[in-house]
1. Which of the following residues is over 17 Å from VAL30 (Cβ atoms) and away from the ligand (no atom under 13 Å from the Cβ): LEU192, LEU168?
2. Quick one: what pairs do we get from the range 128-140, first residue modelled with pLDDT of 95 or more and within 15 Å of the ligand (Cβ to nearest atom), second polar (S, T, N, Q) and outside any strand (DSSP E or B), C-beta under 8 Å, 6+ apart or different chains?
3. Could you tell me which residue of the range 29-62 is nearest to the ligand (Cβ to nearest atom), considering only residues that are in contact with a Lys or Arg (Cβ under 7 Å, 6 or more places away or on another chain) and under 24 Å from THR186 (Cα atoms)?
4. Can you pull out the residues in the range 274-294 that are outside any strand (DSSP E or B) and more than 20 Å from ALA182 (Cβ to Cβ)?
5. Kindly indicate whether any position in the range 253-268 is assigned to a strand (DSSP E or B) and touching a His at 6+ places or on another chain (Cβ under 6 Å).
6. Tell me which residues, restricted to the range 6-28, are buried (at least 23 other Cβ atoms within 10 Å of the Cβ), more than 10 Å from the ligand (Cβ to nearest atom) and of a type in the set (Gly, Ala, Ser).
7. Among all residue pairs at least 6 apart or on different chains, which show Cβ distances below 9 Å where the first residue, located in the range 271-293, is free of Cβ contacts under 8 Å to residues at least 12 places away in the same chain and more than 15 Å from VAL10 (Cβ to Cβ) and the second is part of a loop (DSSP other than H, G, I, E, B) and within 13 Å of the ligand (Cβ to nearest atom)?
8. Quick test for you: out of THR348, THR361, pick the one residue that is under 30 Å from TRP271 (Cβ atoms), free of Cβ contacts under 8 Å to residues at least 60 places away in the same chain, of a type in the set (Ser, Thr, Tyr) and surrounded by 15 or more Cβ atoms within 10 Å (Cβ to Cβ).
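The values are calculated or read from the model by the stated rules, or taken from the named source; none is laboratory data. Quick caveat, the model's predicted, so the values are computed rather than measured. Note that each Cβ is placed from the backbone with ideal geometry, even for glycine, and that neighbours are counted across all protein chains shown.
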Amino acid sequence: MARPLTVAIVGAGMGGLATAAALRRVGIDVTVYEQAAQFARLGAGIQIGCNAMKVLRGLGLESRLRGQSFYPRSWNNRDWRTGEVKFDMIFGETAEQKFGAPYLLAHRGDLHAALASAVPDECIKLNHRLVGLDETGCGVRLSFANGAVAVADAVVGADGVHSVVRDLLFGVSPVNFTGRIAYRTTYPATLLGGERIDDCTKWWGEDRHIVIYYVKPDRSEIYFVTSQPEPDFRIESWSAKGDVRELRTAFAGFDRQVETVLAACPDVHKWAIVDRDSLEHWVDRNVTLLGDACHPMTPYMAQGAAMAIEDAAVLSRCLDGVGRDELANAFRRFEASRKDRTVRVQQTSRANTWLKERTDTDWVYAYDAWNVPLAA
Ligand SMILES: Cc1cc2nc3c(=O)[nH]c(=O)nc-3n(C[C@H](O)[C@H](O)[C@H](O)COP(=O)(O)OP(=O)(O)OC[C@H]3O[C@@H](n4cnc5c(N)ncnc54)[C@H](O)[C@@H]3O)c2cc1C
C-alpha cells in the first residue's frame, strides 16, 4: 500500500488544530509544530458562529462544546446611552434550525482545548519555532529554532497574523495597525453582585463599542471586549495588561449594564487591533497559508477563527485522495475555493457595521464548509 501523504502544519492555534483534525479524517499523516512551550488558557471569550459549528460537528466536538459554552437567545445591538435596540440578531433554536447548527459563546481556552482533544498528543510538537522552509526534490524541509529539521510532502502555514511561512514565501510585509485597541477579560459573574446583564450585547458608541457576553452555560463567567481609538499603542500580546481605571473612564456615560460590568472587572488585557489587506497569493507549490496567516481581520464580526476553521474543512476536501504530484493543484483549488469568501468577510469586518442595523447574515452563517461546491 502507498504510504499516506505527510503534511506539516505550522502553528497549533484554532486553524492549525482544526486542520490537523480534518486532515486526519481523510487519512493524511499530520504533524503540528508549535512555537509555544505549552498551551496557555487565555482569559478571553470567543463567539462560535453556526458556520464554524458545522465544521466542529464534523470533527466530533459539538456535544463537548454545547456542554461547556453559553447558548444565547440573540446577539443584541444597542445604543450606548439610550439602550435603544438597533438590531437584535436572534440566535437560539430559531437560528439553529435555519442555519443548521447552534451559535455558541465559549471561553477561548475551552474551544482551543476541544480542538486539541481531536488531535493525538504525539502529532503535536511544542517548542518548535519555524525559521526556514526549502522545497526539495523529496518534499518540503522545515527548520526550527531549536535545531530540529523535518521533511513533509506539504506544509500548511497556520502561524497567525505575523506568519513566518508567509514571510518566507512572499516576503516580509508589515501588518496594518488600525489605530484602535481592545480591552478584554473574563471573570466570575458572581462579582456582578446579582446584577443581571443581557445574554450578549454589543453597545455601540460614537467612536467606540463594547461587546459583553456570558461564556459558560450556567452564566457563571462573563467576558467583554472593547474597541476604541488609541493610535500610539502597538502591542499585540496576551500578557499586556491595561489599566482598569482608564477603561472605566473611556466608557463613562455608557448604559448602566456597561458601567456595572466594568465596575466589577478585576483586571484587563489590552491589545492593538490589526488586520491586513487581502493577499494576492496564499500558495507556493506544496506550501499553503491558512487562517490569520492569509486573511487576518478585525474582530468586529467575530469570524476570524470561524474562517480558519472553515478553511480546515475545505482544505481536507481538496486533499482527500490526491497523490503527491497533485498537491500543488489541490492547494490552488483550496485557495480558489476560499478566497472570495474570506476577502468579503475581511472587508465587512473592517467596516465595523455588522449587525449595527438589520443585516443579511445568511451568507455568513448558512455556509457549510463540508458541502459547499469547490472551485474547479
Ligand atoms: C480581540 C479579538 C476578539 C476575537 N473574537 C473572535 C470571535 O469571537 N470569534 C472568532 O471566530 N474569531 C475571533 N477573533 C479572531 C481569532 O482570534 C483569530 O482569527 C484566530 O485565532 C486565528 O487562528 P489561527 O490559527 O489562524 O492563528 P492563531 O490563533 O494566531 O494561531 C497561530 C499559532 O501559530 C503559532 N506560531 C506563530 N509563529 C510560529 C512559528 N514561527 N513556528 C511555530 N508556531 C508558530 C502561534 O504561537 C499560535 O499558536 C478575535 C480576535 C481578537 C484579536
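1. Working: LEU168 fails: away from the ligand (no atom under 13 Å from the Cβ).
After ruling out the rest, the residue left standing is LEU192.
2. From the range 128-140, the pairs are HIS128/GLN35; HIS128/ASN146; ARG129/GLN35; ARG129/ASN146; LEU130/GLN35; VAL140/ASN286.
3. Among those that are in contact with a Lys or Arg (Cβ under 7 Å, 6 or more places away or on another chain) and under 24 Å from THR186 (Cα atoms), it is ILE46.
4. Here is the first cut: in the range 274-294, the residues outside any strand (DSSP E or B) are 276-282, 285-286, 290-294.
Passing the criteria: ASP277, SER278, LEU279, GLU280, HIS281, TRP282, ARG285, ASN286, LEU290, ALA293, CYS294.
5. Step one: of the range 253-268, the residues assigned to a strand (DSSP E or B) are 268.
From what is left, the residues that are touching a His at 6+ places or on another chain (Cβ under 6 Å) are none.
There is no residue in the range 253-268 that is assigned to a strand (DSSP E or B) and touching a His at 6+ places or on another chain (Cβ under 6 Å).
6. ALA8, ALA20, ALA21, ALA22
7. Taking only residues 6 or more apart or on different chains, not a single pair turns up.
8. Working: THR361 fails: free of Cβ contacts under 8 Å to residues at least 60 places away in the same chain.
Result: THR348 is the single residue among THR348, THR361 that is under 30 Å from TRP271 (Cβ atoms), free of Cβ contacts under 8 Å to residues at least 60 places away in the same chain, of a type in the set (Ser, Thr, Tyr) and surrounded by 15 or more Cβ atoms within 10 Å (Cβ to Cβ).
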